[in-house]
Amino acid sequence: MHLTQFGTFDAVYNRGYDGWAPLNEFTQSCTMGIGTFHALNGELVAFDNQYFHCTQGVCRPAQQTD
């Protein structure tokens, strides 16, 4: 398992909602974790090299364009 931190709570607290890391950058270095998408458009759930985009209680496989 490898965990990488791309952002901080401080960035979200200060309304830093703009996405800056493409999904493929995340998937190359992390196999498990949580996060959010650009403009807080849902949650990112990563588990066992599978990546999901969750919104309103529904999760689907994350796409590079999310």
Next on the checklist: Just the residues that are closer than 25 Å to Asp10 by Cβ and in a loop (DSSP other than H, G, I, E, B), please, taken from the stretch 32-50.
Outcome noted: Met32, Phe37, Asn41, Gly42
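Here's the yes/no breakdown for (1) part of a helix (DSSP H, G or I); (2) modelled with pLDDT under 85; (3) not charged (D, E, K, R):
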position	(1), (2), (3)
Val12	yes, yes, yes
Gly16	no, yes, yes
Asn24	yes, yes, yes
Phe52	no, no, yes
Cys59	no, no, yes
Checklist entry - Scanning for something surrounded by 10 or more Cβ atoms within 10 Å (Cβ to Cβ) and touching a residue at least 24 places away in the same chain (Cβ under 8 Å), does the stretch 52-61 turn up at least one residue? => result no
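The values are calculated or read from the model by the stated rules, or taken from the named source; none is laboratory data. All values reported here derive from a predicted model rather than from experimental measurement. Here Cβ is always computed from backbone atoms with ideal geometry, including for glycine, and neighbour counts include all displayed protein chains.
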